[in-house]
Amino acid sequence: MKLLELIEEKLLEELDPKVKLVLETGRYLIEGGGKRIRPLITSLSCGMCGGDPEDAIPLGIGIEYIHAASLLHDDVVDGAESRRGKPSANLVFGNGITVLTGDFMYAKALNIFATHGDIIMIKIVSKSVMEMAQAQVLELSNIGEIIDSDTYFKIIDGKTSSLFGASMAVGGLKAGYEDWTTLYEIGIRIGRAFQIIDDVLDYEGNPEKLGKPISNDLREGKVTYPLISVMDKIPNDLIREVIEEINPDPRKIEELRNLVIEKGGTVKARNLAKEEVNKARRLLETFPDNIYKDEVVSIIEFVIGREL
Ligand code: FPP
Ligand code: MG
């Protein structure tokens, strides 16, 4: 059976809560879709480092549970209305049940790492969640603020890159490859590219493919790289009218979105994402060639070219 099919099958099987509503809520998010990039990376990293990719599947499932938990919590924090083309879990089940199911999934993940992994993996993964939570606080506290690129990278490295770093590192560790820091850095670079493209898609993606409306970031007062990269070419008043307003005028949002694209902000952001994946590729060159390494490269290419 193909790796992705095995991952998909185990994702629901492993969850196994005692309370039906926890299963329903967890299942709702998991069955809602998702590209399973992180668990694939974990298995491929294990294969790339000389292990059997299937041995790392439970660890990849643990990583995906952390990702799922973070999305459940994120939708409550953001007051989201849709995720993966469906009403978000907070709308369907309410904030309380959504947060608690996220707690369950996070604890389940740590339990998996304690069972199928080791103490180093638990350290890496828990540190990554600490970074995610802190980055979310940093992002939240900067809503309505015009941030610079330093703050932007602190936010994306914490909220997204760190879990990609952990995904790569635990796969290698499962294969017995102890120098996990290079693997972690490859993951960080992939994660950065992933989040930058995510932020580009919020400007020029197709809402139907994405399963959520575009311009969410501007509407919520979030400044991301496409805007940061052309900030000096756009009238400051317009930026403030959108970012600093609690309920910005939709016409102003559209005007700012179009100007960011016209001034080359999304092209600059895509180029930056490409630079990050090139750095990841260079780091990958230090590993021996094999089919799993080739598949990591394919995932990297997918991250850059993706439309959802
Ligand atoms: C989505 O970002 C959210 C994240 C990438 C991370 C969320 C992290 C936490 C809530 C802290 C960690 C918590 C646990 C339980 C592991 P986004 O809002 O930019 O993207 P979106 O458009 O998909 O919502
Ligand atoms: Mg969100």
> Hey, can you rank 263-269, 286-292 by average C-beta count inside 10 Å, highest first?
Replying inline: 263-269, 286-292
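Given the Cα atoms of the stretch 128-282, and with Rh set as the inverse mean 1/r over their pairs in the Kirkwood sense, what is Rg to Rh to two decimals?
Working: Rg = 16.6 Å, Rh = 16.3 Å.
In the stretch 128-282, Rg relative to Rh is 1.02.
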>> What aspartates and glutamates does Lys10 reach when the alpha-carbon gap must be under 14 Å and sequence neighbours fewer than 8 apart in one chain are set aside?
In response: Glu31, Glu54, Asp55, Glu64
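Kirkwood Rh and Cα-based Rg: tell me the resulting Rg over Rh for the stretch 247-288, rounded to two decimals. Each step should come with its number before you reach the end.
Working: Rg = 17.0 Å, Rh = 12.6 Å.
Answer for the stretch 247-288: 1.35.
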> According to the square roots a ≥ b ≥ c of the eigenvalues of the Cα gyration tensor, what is the shape class of the chain, taking rounded for a/c under 1.5, prolate for a/b larger than b/c otherwise, and oblate for the remainder?
Replying inline: oblate
> Roughly how tilted is helix 265-284, in degrees to the nearest 10 and between 0 and 90, from the longest Cα axis of the chain?
Replying inline: 20 degrees
> Roughly how tilted is helix 250-262, in degrees to the nearest 10 and between 0 and 90, from the longest Cα axis of the chain?
Replying inline: 70 degrees
> Thr115 versus Val77, label points 7 Å from Cα toward the beta carbon: distance in nm?
Replying inline: 2.8 nm
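What ranking do 57-65, 86-94 get when scored by the average of other Cβ atoms within 10 Å per residue, highest first? Can you show the working numbers first?
Working: 57-65: 26.8, 86-94: 18.4.
Ranked from most to least packed, the peptides come out as 57-65, 86-94.
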> Using a basic spin-label model with each label point 7 Å from the Cα along Cα→Cβ, how many nm lie between Asn290 and Val137?
Replying inline: 4.1 nm
> If each of Asn95 and Ser298 carries a label point 7 Å out from its Cα toward its Cβ, how far apart are those two points in nm?
Replying inline: 4.4 nm
> Are any of the pairs Lys35/Lys252; Lys222/Lys293; Lys86/Lys108; Lys2/Lys268; Lys86/Lys159 more than 30 Å apart by Cα-Cα distance, and if so, which?
Replying inline: Lys35/Lys252; Lys222/Lys293; Lys2/Lys268
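In debye, nearest 20, what is the charge dipole magnitude of the stretch 1-91 about its Cα centre with +1 on Lys and Arg Cβ and -1 on Asp and Glu Cβ, if you could check? List each step's numbers first, then the result.
On the way: 11 positive and 16 negative charges, 44 e Å.
The dipole of the stretch 1-91 has a size of about 220 debye.
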> Hey, quick one: spin label on Asp249, modelled 7 Å out along Cα-Cβ, who in the stretch 222-237 has an amide N within reach, i.e. under 20 Å?
Replying inline: 222, 234-237
> What are the aspartates and glutamates whose alpha-carbon lies under 13 Å from the alpha-carbon of Lys209, with same-chain residues fewer than 8 places away excluded?
Replying inline: Asp198, Glu307
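Where a number appears in this text, it was derived from the coordinates with a stated rule and is not lab data. Note that the structure is predicted; figures quoted are calculated from it, not measured. Cβ sites come from the backbone with ideal geometry, for glycine too, and all protein chains shown count toward neighbours.
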